[in-house]
Amino acid sequence: MPQVLPIYKEHGKTYHADTCQPLVQAVKNGQVQLHALVRGGYPGERLKPDELPGIRSIGFWDAVGQQDWGLDYHRNEGIEITFLENGSMPFLVDDKKYLLKPDDLTVTRPWQPHKVGAPNINAGRLYWIILDVGVRRPNQNWKWPKWFVIAPKDLNDLTTILRYNEQPVWHGNLEIRNCFQKIRQVLLNKNLDRRVSHLTLYINEVFLYLLELFKHSNIKLNPNLTSSQRTVELFLRDISKNIKNLSYDWKIKEMAHHCGMGLTQFIYYCKQLTNMTPMQFLNYYRVKYAENFLVNNPEMSITDIAFTCGFCTSQYFSIIFKKQVGMTPKEYRKKLILNKIS
């Protein structure tokens with residue numbers, strides 16, 4: 001039976017977890033040494049069904065010298081912890097750029113878009129653990145695997161911090177470094193007896209020391225990060241930033257479905273966040289993109305711009321555009337031309 005990969009539905013699209021194809025190609029080209037135990041589409045040695053359930057990928061890469069590849073914005077179905085042992089590494093999350101230094105670690109929540117490289121990675125040894133905790137939307141509860149032996153209260157504290165804090169980059173400590181180095185030795189020794197038992201122990205240690213690191217830091221918790229309102233906020237934010245998402249023929253009921261809630265609740269949160277109905281929100285940003293097309297693409301017809309920006313007819317586009325801008329698209333373009341001449 002073929003394996004069913006976890007998916008995440010958003011903006012009319014279905015996302016599978018990233019398969020790291022640039023990394024695969026870099027390994028084939030001899031640019032990087034990769035050692036990993038994996039499931040799904042991740043590159044590495046396949047885990048057996050009963051080995052470390054929930055782990056999607058655990059491993060490391062060694063990149064030496066100048067690199068000409070990177071991992072563009074991608075999503076992982078689980079929480080991902082990365083740790084940089086040496087070198088430096090550009091890391092981007094939520095449009096913020098960081099340069100990781102030795103002993104820095106990153107924490108990205110399930111399905112949170114992030115990027116490694118700007119655009120290329122640097123030389124360095126990078127470790128990672130990707131653990132699927134059963135989350136497909138921000139407001140869903142996390143489900144840890146049964147082989148986690150962290151005490152229930154500590155695990156609850158860890159879950160709360162990971163869900164309610166959005167700081168993506170932390171400076172690790174000697175204990176965390178030692179854990180990942182022990183994981184490296186296990187991955188390199190394929191003939192090691194009780195390999196899964198060793199990894200079980202070390203993964204638990206990583207998360208335990210991570211909890212201790214959090215506890216000794218001045219962490220600000222924000223429960224809204226996992227609320228239904230947060231789900232709608234992220235949904236609307238991603239739509240507004242991508243013309244492909246805006247051009248999709250959205251129905252309000254479908255938007256609500258992608259946020260995992262009923263129509264009335266979705267409309268309520270949309271108004272709370274934007275002071276607009278969902279359709280007003282869509283049209284507002286569609287017009288914003290249309291203004292840009294009218295400025296920078298004089299060869300495009302107004303009809304083509306209307307369709308590109310998600311309007312079903314050029315007449316409806318003109319009505320909405322004039323209501324928002326104060327003139328029709330044709331008048332707006334004519335004004336731009338006259339301003340350039342003068």
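Summary table
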| read-out | value |
| --- | --- |
| Residues that are under 36 Å from the mean Cα position of the chain (by Cα) and among the small types (Gly, Ala, Ser), drawn from the range 315-329 | Ser318 |
| The listed residue being closer than 30 Å to Leu338 by Cβ, exposed (fewer than 14 other Cβ atoms within 10 Å of the Cβ), among the basic types (Lys, Arg) and at pLDDT 90 or above, out of Lys323, Lys253 | Lys323 |
| Only one of Asp62, Asp68 that is touching a residue at least 40 places away in the same chain (Cβ under 8 Å) and in a strand (DSSP E or B) | Asp62 |
| Test: residue in the range 282-289 that is among the hydrophobic types (A, V, I, L, M, F, W, C) and over 26 Å from the mean Cα position of the chain (by Cα) | yes |
| Where Leu84 falls short, out of the listed (1) within 21 Å of Gln185 (Cα to Cα); (2) crowded, with 21+ Cβ neighbours inside 10 Å; (3) modelled with pLDDT under 95 | (3) |
| Segments classed as strands (runs of 3 or more DSSP E), wholly inside the range 84-144, with at least 2 members that are in contact (Cβ under 8 Å) with a residue 60 or more places away in the chain and touching a strand residue (DSSP E or B) at 6+ places or on another chain (Cβ under 7 Å) | 89-93, 96-100, 104-108, 124-131 |
| Pairs, first farther than 23 Å from Cys270 by Cβ in the range 284-307, second among the hydroxyl-bearing types (Ser, Thr, Tyr) and in a helix (DSSP H, G or I), C-beta under 6 Å, six or more apart | Leu294/Tyr332; Ile302/Ser314; Thr303/Ser314; Ala306/Ser314 |
| Neighbours by Cβ (under 8 Å, 6+ apart or cross-chain): first from the range 37-59, closer than 16 Å to Ile203 by Cα; second surrounded by fewer than 20 Cβ atoms within 10 Å (Cβ to Cβ) and among the charged types (D, E, K, R) | Leu37/Glu45; Leu37/Arg46; Leu37/Glu51; Val38/Glu45; Val38/Arg46; Pro53/Lys146 |
| Condition check for Pro43: under 30 Å from Lys143 (Cα atoms) and modelled with pLDDT under 95 | yes |
| The range 151-189, subset free of Cβ contacts under 8 Å to residues at least 24 places away in the same chain and either part of a loop (DSSP other than H, G, I, E, B) or not assigned by TED's automatic domain parsing to the domain that holds Leu131 (or both), residue nearest to Glu45 (Cα to Cα) | Asn189 |
| Subset of the range 289-321 [farther than 13 Å from Ile239 by Cα and either of a type in the set (D, E, K, R) or in a loop (DSSP other than H, G, I, E, B) (or both)] | Glu291, Asn297, Pro298, Glu299, Met300, Ser301, Asp304, Phe311, Cys312, Thr313 |
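A quick yes/no check of all residues on (1) in the same structural domain as Leu37 (by TED's automatic domain parsing); (2) surrounded by 18 or more Cβ atoms within 10 Å (Cβ to Cβ); (3) of a type outside the set (A, V, I, L, M, F, W, C):
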position: Asp132; (1), (2), (3): yes, yes, yes
position: Gln140; (1), (2), (3): yes, no, yes
position: Val149; (1), (2), (3): yes, no, no
position: Leu201; (1), (2), (3): yes, no, no
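The values are calculated or read from the model by the stated rules, or taken from the named source; none is laboratory data. Keep in mind it's a predicted model, so treat the numbers as computed, not measured. Don't worry about glycine lacking a Cβ; one is built from the backbone with ideal geometry, like all the others, and counts go over all protein chains shown.
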